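The values are calculated or read from the model by the stated rules, or taken from the named source; none is laboratory data. Treat the numbers as computed from the prediction; the structure is a model and nothing was measured. Glycine gets a Cβ as well: all are built from the backbone with ideal geometry, and neighbour counts include every protein chain shown.
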Amino acid sequence: MSIQDLVSKSLDTIRQEMFDRIAAVQEEYAAKGWLPIRLNLNKGIVRGLIELWCWGLWQLYQFLALVLIQAFPDTATGSWLDLHCKQVGITRKPATKARGIVYFTRAAAAGNVPIPTGRVVRTKPDGSGTVYRYVTTAAVIIPDGATEVAVVVEAEEYGAGANVTAGQISEISTVIPGVDVCENRAGWLTAEGVDEEQDEPLRFRYVLAWQGLSGCTKQAYQAWALSVTGVVSARILDQHPRGQGTIDVVIQGSAGLPTEGLVAAVDAKINGTGADDELTPINDDVLVKGPTAVDVAIVAELVISSGDPAAILAQAENRERSLFGTTAVAGVNPFGVGADATLDRLKWPLMIAGVKKVNLTSPADDVPVDADGLAVLESLELSYVWADEE
């Protein structure tokens, strides 16, 4: 039985209950002088008033069902869930902007080339047509004799979508004289972009807040790690991974592998900053770390039976990349820490409308991932052929 069923009544049920009550008492009420005559429940002004009353009562039941849903943390949503979480000292994590390093390159190495603040670079449209733009945050110069310079950029928009993979930032929107190309390389992120925390992750942290009250449980470490903005999952290895008394906290950031800054923030949260602010029990040796990257190089051929090949390839690439992200996209659940990259999971995102079959040539077998590992997309090469028949 759902919560709504506890207070749910249909308009027909309310009307019938009202008719039954009137039929049961109107003789008595008429005898007492409360009613002048026996009421006609089929038509007339009395029937109209009864209908209005029943409708108002039905609306009240609808309101009660909504309020009852919000009364419990298991079913509360939005601001109501925020109120429940506030009671245990946790708040919804805000959205942040991605920051990282982009390299500006030129062919000739002669002369100084200034790159002002506020220059805009961007990605090409992804499978959904979305373009991510980034702005340089400081003025730099490609000095005489050099062909490139590293520049800090920040995403224009908040959210995890801007945590693009290496090589995706490749276009210069605002012309910079003397600069030929730009690119983001492997490990370019210095701070992950994060979406505002949704209800389900927040609800999970609410439950952890109660489960970890003793301060020395697996759930306590998970709650502490997940309280840091940018951490989307935390796996606790508590079976003495480095010897007796050791615990490893393996975190995953909104871009997959966490940045050094995110690992440091979680470490400071759990182990403290040296100012007697540590949360970890005195006898625990806790190591906060990111997962070990397990590279997965994908080469696949899509056998297409119908549709626009370019659009199909773009959609398939977007879905396959989301497998190595942190947010589910149209039924594609991303790999988490310790999840093996099986061939079935690698093929599934590519099976979209118009695709009859997927010929996966790399990897040739399932890719095993250790408990503290994370499958990371090394490269993605998609091609297509037309099917002989549908």
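From the list 328, 314, 375, 339, which one is among the small types (Gly, Ala, Ser) and more than 21 Å from residue 192 (Cβ to Cβ)?
Details: 328 fails: more than 21 Å from residue 192 (Cβ to Cβ); 375 fails: more than 21 Å from residue 192 (Cβ to Cβ); 339 fails: more than 21 Å from residue 192 (Cβ to Cβ).
Within the list 328, 314, 375, 339, the selection yields 314.
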| query | Any residue in the stretch 324-340 that is within 30 Å of residue 239 (Cα to Cα), within 25 Å of the chain's Cα centre (by Cα) and modelled with pLDDT of 95 or more? | reply | yes
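Condition test on residue 95, is it over 30 Å from residue 308 (Cα atoms) and crowded, with 17+ Cβ neighbours inside 10 Å? Don't jump to the end; show me each part of the working.
Details: over 30 Å from residue 308 (Cα atoms): yes; crowded, with 17+ Cβ neighbours inside 10 Å: no.
So residue 95 fails the test.
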| query | Given the conditions (1) assigned by TED's automatic domain parsing to the domain that holds residue 105; (2) of a type outside the set (Ser, Thr, Tyr); (3) closer than 23 Å to residue 129 by Cα, which single one is not true for residue 177? | reply | (3)
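Would you check if residue 387 is of a type outside the set (Asp, Glu), surrounded by 15 or more Cβ atoms within 10 Å (Cβ to Cβ), farther than 27 Å from residue 254 by Cβ and modelled with pLDDT under 95?
Criteria met by residue 387.
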| query | Of all residues in the stretch 36-55 being surrounded by 10 or more Cβ atoms within 10 Å (Cβ to Cβ) and outside any helix (DSSP H, G or I), which is nearest to the chain's Cα centre (by Cα)? | reply | 41
| said: Just checking, does the stretch 134-146 include any residue being buried (at least 16 other Cβ atoms within 10 Å of the Cβ) and in contact (Cβ under 8 Å) with a residue 40 or more places away in the chain? | reply: no
| said: Tally up the residues in the stretch 254-299 that are part of a loop (DSSP other than H, G, I, E, B), of a type in the set (A, V, I, L, M) and touching a Lys or Arg at 6+ places or on another chain (Cβ under 9 Å), please. | reply: 1
| message | Yes or no: the stretch 303-323 includes at least one residue that is polar (S, T, N, Q), exposed (fewer than 15 other Cβ atoms within 10 Å of the Cβ), in contact (Cβ under 8 Å) with a residue 12 or more places away in the chain and in contact with a Gly (Cβ under 6 Å, 6 or more places away or on another chain). | response | yes
| remark: Flagged in the stretch 176-220 as among the aliphatic types (A, V, I, L, M) and either part of a loop (DSSP other than H, G, I, E, B) or within 16 Å of the chain's Cα centre (by Cα) (or both), in numbering order, are 176, 179, 186, 194, 202, 213
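Is there a residue in the stretch 19-35 that is touching a helix residue (DSSP H, G or I) at 6+ places or on another chain (Cβ under 7 Å), more than 27 Å from residue 66 (Cβ to Cβ) and not in a helix (DSSP H, G or I)? Show your work before the answer.
Restricting attention to the stretch 19-35, the residues satisfying the condition of being touching a helix residue (DSSP H, G or I) at 6+ places or on another chain (Cβ under 7 Å) are 35.
From what's left, more than 27 Å from residue 66 (Cβ to Cβ): 35.
Add one more test, that the residue is not in a helix (DSSP H, G or I), and what stays is 35.
Yes, some residue in the stretch 19-35 is touching a helix residue (DSSP H, G or I) at 6+ places or on another chain (Cβ under 7 Å), more than 27 Å from residue 66 (Cβ to Cβ) and not in a helix (DSSP H, G or I).
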